[in-house]
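The values are calculated or read from the model by the stated rules, or taken from the named source; none is laboratory data. Just so it is clear, the model here is predicted, and its values are computed rather than measured. Don't worry about glycine lacking a Cβ; one is built from the backbone with ideal geometry, like all the others, and counts go over all protein chains shown. All accessible areas refer to the heavy atoms of the entire protein, side chains included, with ligands and DNA or RNA removed. Shrake-Rupley method; radii C 1.70, N 1.55, O 1.52, S 1.80 Å.
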Amino acid sequence: MPLHRWIKYSSAVIFLLGIAALLYIKLNVSPRESLFADFTPSADGKLWTVIGSIDSPIEAYVGLDGSIQTGRNDYAAYWYLYDRQSHSLLNPKHARRSLLDGSLPAPVVQWSDKGISARIMSFVMPIDGTDICFSSITIKNTTRRTRSLNMFLAALPYGVTGKMQSAKSIGYDHQKRTFQIGTQSIYCDNQPQGFGAVISGKKNNKLIDITSYIANGTLPRYGDLKTNAKAQIISGAIGYEINIKPGETQTLTFKAPMPGTTRCFWKPLSRNADYSKALKSFRQSWDKQLNHVRLSLSDKRYTNCFYASLAYLMILSDNGAPRPGSAIYGPFWVRDNAYIADAYYFAGRQDLAANSLKQLYRMQLPNGGFRPHTGTNEDSEYDAPGQAIYTFVQLYRRTGDIKSLRRTWPAIKSAARYIDRQRIDANGILPPSMSAEDLGSERQQHYWDDFWAVRGLRDASYAAETLDYHEDAKQISNQAQSLLGATWASIRTLAKKHSLDYIPNGPQDMTSSAMARGTSCGIWPCGVLDTSDPFVRSAFDVYWKKWIEPHNGGFEHKGEFWPYSGLDLAMDYLTLREYERSASIMRWSINHDPTNGFYSWPEGMNMKSLALAAGDMPHGWMCASYISLIRNMLVRVSNGIVLIASGIPAEWLAPGRQIKITGFPISGGRITYSLEVSKNTIDIDLQCAADIKTCRMILPRSIKVTGLEIDGRQMKSFSAHECSFPTTAGSIKINIIRT
């Protein structure tokens, strides 16, 4: 054989042998340690958000990486992209998160690595009476060469919310294009090229599961798996081979019926289950639900969070009864509902607040007390009766529905009697109770209970007077005055004995952060503390300096951040006209969204990682408090005057900024205004249909009013930082200087 042919032949053989060796290594590569080797089966340290349909009892959970878990006890689906050219998983470390169109409840996760970008999105849409979870991954090649990838969708027992799940079988039905995990089904719109499953276990002291193979870009050679052994954990994945040209985009879509629906090998229910059609219907449906009032702020985060918070409340609602969470909190709480009902009204959805009254009725016991939540049959939390009365009466105040007030009167009267009977003696405060559970021991008394009881009694007296039960009104009013007097007597005694310049949590706890948390309701929403009282103002000064100021606006409680309690305190500072404090808490909250774009906060957050440390997420009370604070910063009624844009962060009035609200409910009507800011002027276009005659705007200390023009006429109804104008005014121009 000629030398040149021999060399050519030998080179070809060597090349083929090399390819064979690479294939051999690729097919026989040892599995790596699981990507979840450090997973801990606990919600602590985890972060997620929820998706679902309105009033459905079932939600799906979405992790920060776009992973999706369609029910509390389902396996979670995780996405992986493997680059066949670099033989490595692409890294989604610097992922960007958002919600669809900024605020719709469809979490979007986007990331890029090595010239490949990925976009993962999930949402829930009811189709023919069945809640369907739709998911998609869109992959784009931003390089100048064709890329070869493997995309894996892995079903794993590591729950998004921290639970370890179990399943007895895992498999893939090629004909039906269904990935099956126990009774859980994922329908694949695009046929995968591979499937593999594995029984998890330890090998060479390493945890091995399906991700051990995915990390090498392969799937194990096992088919469907079944096991009856409780100790065995299985996992599996489907795989796609993707060859994507420069600039090209490819999208894979999936859908899964939610728990409580048909969970066996599932087929498309109808043509309406088409991903694109479902997404269009999803957008239309949620736009209609969320835009009963309209809000636009220059910093879109605040606007998006407002609508996202409302969407979460509606998703967390179960047949009209709002819950404070879904992954960990199952019950309906009387306490949380009081705050959520206010938020519904402020967001223009009073109809949703009315829906919870049926559940509230069912909470009352024969003795007139209330079960604090649906997880107990005892009247163990003495704030609940006051909160129930408050919710009943607020509905009347906001709707004028006298028939509803008349129907609820027996429950209101019974609750008022119950409150009076619980007092230790005629001159005493309420006895120890569980109260708001984070306030301390059930063996302690909590002023939180007393403040809510006073508010409940005042509302009961108002209801009685409205219904012409004048004797009842007088008697209940006296009870409210007596309880408030007893509460203040207890506070003053403690203050004198222990040299306190603040209101403590209660007689048995004078040092914990519960002093701020437990007193917060006294100003808002109860309104039973006099904001002009120097001792009240001193108390809130202490709370600020001790529990909030050290964290630049974050409220520390029990060694954690409690963001919703911080927002409630911000409402107090707003009422106290401590506007910079209120704005500081709002600013801190939006800057410390632990999900960085999903607008989902836990009840309690780790002070270093911001991950969940207590409760559930997204926390319904947090959603409610955010809505209430934003609304009241933009428009609220105080002492018979409509305050607009009073207490907003100063940066909202920077040159070039705009504020627009449309149709926000206020006493006797609604208000709409647009506000445009330049260096030297604030121009307001106002439409206010209400019973109130006067509007007022209170500006930050860094802005001074130098002139006021109303409908083209120069007016003198202003001072250094305030200006007043009639609600009938159309055009207002405020001349300003900045200091």
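Can you give the FRET efficiency for Ser702 and Thr376, using 1/(1 + (r/R0)^6), R0 = 45 Å, r = Cβ-Cβ distance, to the nearest 0.05?
0.35
Give me the one-decimal nm value for the distance between modelled label points at Arg537 and Lys277, 7 Å along each residue's Cα-to-Cβ direction.
Reported label-point gap for Arg537 and Lys277 is 6.5 nm.
Expected output is a single nm value to one decimal: the length gained when fully extending between Asp55 and Lys202, i.e. 0.36 nm times separation in residues minus the C-alpha distance. What is it?
Fully extending the segment from Asp55 to Lys202 adds 48.6 nm.
Starting from the residue with the highest accessible area, list Thr493, Thr681 in decreasing order, probe 1.4 Å. Walk me through the intermediate numbers first.
Working: Thr493 90, Thr681 25 Å².
Descending accessible area places them as Thr493, Thr681.
For Arg147, what is the net charge nearby, where nearby means another residue's Cβ is under 11 Å from its Cβ and Lys, Arg count +1, Asp, Glu -1?
Summing Lys/Arg as +1 and Asp/Glu as -1 gives +4.
Between Gln475 and Ser296, what is the label-to-label distance in nm when each label sits 7 Å out along the Cα-to-Cβ direction?
Between Gln475 and Ser296, the label points sit 5.6 nm apart.
What lysines could a cross-link reach from Lys202, if we take a straight Cα to Cα line under 21 Å and drop same-chain neighbours fewer than 8 places away?
Output for Lys202: Lys163, Lys168, Lys226, Lys230.
Which entries in the list Lys358/Lys413; Lys413/Lys693; Lys546/Lys608 go over 25 Å, if you measure between the two C-alpha atoms of each?
The answer is Lys413/Lys693.
With the Cα gyration tensor of the chain giving a ≥ b ≥ c as the square roots of its eigenvalues, does the rule (a/c under 1.5 for rounded; else a/b larger than b/c for prolate; else oblate) give rounded, prolate or oblate?
Prolate, because a/c is 1.5 or more and a/b exceeds b/c.
How would you rank 627-633, 473-479, highest first, on the average number of other Cβ atoms within 10 Å across their residues? Mind dumping the intermediate values first?
Values: 627-633: 24.6, 473-479: 18.0.
Those peptides, ordered most packed to least, come out 627-633, 473-479.
Between rounded, prolate and oblate, where does the range 294-373 land on the alpha carbon gyration tensor, with a ≥ b ≥ c its root eigenvalues, rounded for a/c under 1.5, else prolate if a/b exceeds b/c?
Details: a/c = 2.91, a/b = 2.08, b/c = 1.40.
The shape class here is prolate.
Counting only helical runs of four or more DSSP H residues, what would the 222 nm mean residue ellipticity of the chain come to if each run contributes -39,500 (n - 2.57) and the total is spread over all its residues?
Values: 16 runs with 236 residues, N = 739.
Helix-only estimate at 222 nm: -10500 deg cm²/dmol.
Distance cut-off 18 Å, Cα to Cα: go down the list Lys300/Lys733; Lys114/Lys245; Lys93/Lys203 and report the pairs above it.
Lys300/Lys733; Lys93/Lys203
Just grab the label-to-label distance for Arg144 and Ser638, each label 7 Å out from Cα along the Cβ direction, in nm (one decimal).
Here the modelled spin labels are 6.2 nm apart.
How would His292, His94 rank on accessible area, largest to smallest, probe 1.4 Å?
The residues order as His94, His292, largest area first.
Roughly how many whole Å is it from the C-alpha centroid of the range 585-647 to that of the range 392-453?
26
Work out from phi, with θ = phi - 60° and the Karplus expression 6.51 cos²θ - 1.76 cosθ + 1.60, the ³J(HN,Hα) of each residue of the range 69-80, listed in order in whole Hz, and give x for Gly and Pro.
Once rounded to whole Hz, the list reads 10, 7, x, 3, 10, 8, 5, 9, 9, 10, 9, 9.
Between Arg713 and Asp128, what is 0.36 nm times their sequence separation minus the Cα-Cα distance? Round to one decimal in nm.
Full-extension gain reported as 204.7 nm.
Per residue Cα convex hull volume for the range 98-212, in cubic angstrom?
178
Could you sort Arg349, Arg577 by accessible area so the largest value comes first, with the probe set to 1.4 Å? If you can, show how the numbers build up before the last one.
Values: Arg349 15, Arg577 120 Å².
The residues order as Arg577, Arg349, largest area first.
Round to the nearest 10 and report in Å² the accessible area of Lys497, as given by a 1.4 Å probe over the protein chains' heavy atoms.
Roughly 150 Å² of Lys497 is accessible to a 1.4 Å probe.
Classify the range 609-687: rounded, prolate or oblate, from the alpha-carbon gyration tensor (a ≥ b ≥ c, eigenvalue square roots; a/c under 1.5 rounded; otherwise prolate if a/b is larger than b/c)?
In terms of gyration-tensor shape, oblate.
How much FRET efficiency would the formula 1/(1 + (r/R0)^6) give for Asn243 and Thr739, where r is the Cβ-Cβ distance and R0 is 51 Å, rounded to 0.05?
0.25
Express in whole angstrom the spacing between the alpha-carbon centres of the range 105-182 and the range 25-101.
8
Provide the solvent-accessible area of Glu471, counting protein heavy atoms only and rolling a 1.4 Å probe, rounded to the nearest 10 Å².
Looks like 150 Å² after rounding.
Quick one: how many Å² of Cys623 are accessible to a 1.4 Å probe, rounded to 10?
My reading of the accessible area for Cys623 is about 10 Å².
If I require 27 Å or longer along the helix axis, counting alpha carbons, and a Kyte-Doolittle average no lower than 1.0, what helices from the chain are left? Use full DSSP H segments. Display every interim value, and only then the final one.
Values: long enough: 3-28 (37 Å, 1.10); 402-422 (30 Å, -0.77); 447-466 (28 Å, -0.56); 470-498 (42 Å, -0.67).
Answer set is 3-28.
What are the residues whose amide H is under 5 Å from the amide H of Gly669, where those residues sit 5 or more places off or on another chain and H is modelled from the backbone?
The answer is Asp691.
How much net charge surrounds Leu467 when only other residues with a Cβ under 13 Å from its Cβ are counted (Lys, Arg +1; Asp, Glu -1)?
Net charge in that neighbourhood comes out at -2.
Any number yet on Rg/Rh for the range 350-476, C-alpha, Kirkwood?
Over the Cα atoms of the range 350-476, Rg/Rh equals 0.96.
Between Thr694 and Lys608, what FRET efficiency follows from the Cβ-Cβ distance if R0 is 56 Å, with the result rounded to 0.05?
0.70
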